[in-house]
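Where a number appears in this text, it was derived from the coordinates with a stated rule and is not lab data. Fair warning: this is a prediction, and the values are worked out from it, not measured in the lab. Cβ placement follows ideal geometry from the backbone for every residue including glycine, while neighbour counts extend to all protein chains displayed.
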């Protein structure tokens, strides 16, 4: 079984028109099973995830959850799925641990979580956006996601997709440590 997954930090949807155009024109997006979005927002009264799902086609559905507001823009994570291939039974979110420290460190991060099935295989999928503050804190946030996974019924397929914010690390940790 092949599951086509893409993850994209869309930078608060500030260039949403360009994103929608790219999705409509680039054939790599056609037939995606899951699209994990980070920094999705709301434009007008419409969530970015819903706008993107509609461009992907009639068979796509979205679950988007706001984490915080940044410079007047909603910052959210979203998961978009292709209903003919992915049957979602439950969609929700998981709050990630906050960094300790001043107000800037108190940003809220979350992960969107969906449970369901893909081609008769049970599926658990996360779209997450880890914080920018240090490797130890990122490890704690990812460990929280893995603890959540372990607390749920076992799934044949687990997808953890998102923005891990590794660019702020002077020395990247090994994946085995994350």
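Bridge orientation summary for the chain: considering DSSP beta bridges with both residues in this region, about 75 percent are antiparallel. Roughly what % of Cα-Cα distances in region 5-168 sit above 26 Å, to the whole percent? Cα-Cα pairs in region 5-168 separated by more than 26 Å: 26 percent. The packing ranking, built from the mean of other Cβ atoms within 10 Å per residue, places the peptides 50-62, 72-84 in the order 72-84, 50-62, highest first.
Based on the alpha-carbon gyration tensor of region 1-74 and its eigenvalue square roots a ≥ b ≥ c, which shape applies: rounded if a/c is under 1.5, prolate if not and a/b is larger than b/c, or oblate? Verdict is prolate for region 1-74.
Cα extents for region 72-154 along the principal axes, largest to smallest and rounded to whole angstrom: 46, 31, 16. The protection proxy used here, the mean number of other Cβ atoms lying within 10 Å of each residue, ranks peptides 28-37, 114-123 as follows, highest first: 28-37, 114-123. Express the relative contact order of region 11-146 as a whole percentage, based on alpha carbon pairs under 8 Å and six or more residues apart in sequence. Here the relative contact order equals 20 percent.
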